[in-house]
1. Could you run the Karplus curve 6.51 cos²θ - 1.76 cosθ + 1.60 with θ = phi - 60° over the range 49-60 and give me ³J(HN,Hα) per residue in whole Hz, x for Gly and Pro?
2. Rounded to whole Å and ordered largest first, report the semi-axes of the equivalent ellipsoid of the chain derived from its Cα gyration tensor (root of 5λ).
3. So for the chain, if I pair up every lysine 8 or more residues apart or on another chain, how many of those pairs have alpha-carbons under 15 Å apart?
4. To the nearest 20 debye, what charge dipole does the range 73-126 have about its Cα centre, counting +1 at the Cβ of each Lys and Arg and -1 at the Cβ of each Asp and Glu?
5. Under the Karplus relation 6.51 cos²θ - 1.76 cosθ + 1.60, θ = phi - 60°, what is the ordered set of whole-Hz ³J(HN,Hα) values for the range 124-138, x standing for Gly and Pro?
6. Return the sequence-ordered ³J(HN,Hα) values of the range 3-14 in whole Hz as given by the Karplus equation 6.51 cos²θ - 1.76 cosθ + 1.60 applied to θ = phi - 60°, using x for Gly and Pro.
7. Restricting to DSSP H runs of at least four residues, report the calculated mean residue ellipticity at 222 nm for the chain, -39500 (n - 2.57) per run over all residues, nearest 500 deg cm²/dmol.
8. To the nearest 20 debye, what charge dipole does the range 38-97 have about its Cα centre, counting +1 at the Cβ of each Lys and Arg and -1 at the Cβ of each Asp and Glu?
Amino acid sequence: MLTWKDIINYSVKGNPLPDKRVEKTEEEWRELLTPEQFRITRNKGTEAPHSGALCSSHEAGKYSCICCETPLFDSTIKFNSGTGWPSFTQPINENAIKYHKDTSFGMVRVEVMCNTCDAHLGHVFPDGPEPSGLRYCINSESMKIVKERVSDEQ
Ligand SMILES: [Zn+2]
């Protein structure tokens with residue numbers, strides 16, 4: 001399980017290697033994404049709180065990157081943070097996410113990105129629930145939910 005210490009180590013010393021890389025030009029991303037998805041994932045935007053479609057979703061499934069479809073989070077580690085953005089306590093795999101120290105807007109925060117395609121996802125904070133103590137605060141527009149198939153539920 002990742003803790004805040006691991007996150008800081010990744011943001012300072014370098015991130016884990018992803019299973020694969022997806023790289024596209026700005027034009028290719030523009031064709032693939034809606035303008036809002038492009039603004040958030042490729043230009044580090046933020047959606048308005050409580051606006052995202054996935055914020056209050058509690059459907060079982062995996063949350064995948066909207067850009068490259070790599071699974072990022074699982075619905076079982078989603079929690080209601082009350083912030084207005086989908087919130088998780090852990091990534092689905094340790095190498096699914098990359099971390100970057102973000103000093104924009106006069107704050108020091110840790111930005112989280114898709115480790116496969118560098119899509120901006122949101123930020124991670126050390127004020128989440130135990131046991132990890134982490135709160136991944138993620139834009140709905142950065143993800144899509146891939147619902148679990150019925151045959152997997154036995
Ligand atoms: Zn991605």
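1. Calculated HN-Hα couplings, in order: x, 6, 8, x, 5, 8, 4, 10, 6, 10, 6, 6 Hz.
2. Values: eigenvalues 84, 81, 54 Å².
Those come to 20, 20, 16 Å.
3. Close lysine pairs under the 15 Å cut-off: 13.
4. On the way: 4 positive and 5 negative charges, 23 e Å.
For this selection, approximately 120 debye.
5. Residue by residue, the range 124-138 yields 10, 10, x, 10, x, x, 5, x, 6, x, 9, 10, 7, 9, 10 Hz.
6. 10, 4, 4, 4, 4, 4, 4, 4, 5, 8, 9, x
7. On the way: 3 runs with 26 residues, N = 154.
The helix contribution divided over the chain gives -4500 deg cm²/dmol.
8. Values: 5 positive and 5 negative charges, 46 e Å.
That gives the range 38-97 a dipole magnitude of about 220 debye.
The values are calculated or read from the model by the stated rules, or taken from the named source; none is laboratory data. Just so it is clear, the structure is predicted and the values come from calculations on it, not from any experiment. FYI the Cβ positions are ideal-geometry reconstructions off the backbone, even for glycines, and counts take in every protein chain you see. Only protein heavy atoms, including side chains, enter the accessible area calculation; ligands, DNA and RNA are left aside. Shrake-Rupley method; radii C 1.70, N 1.55, O 1.52, S 1.80 Å.
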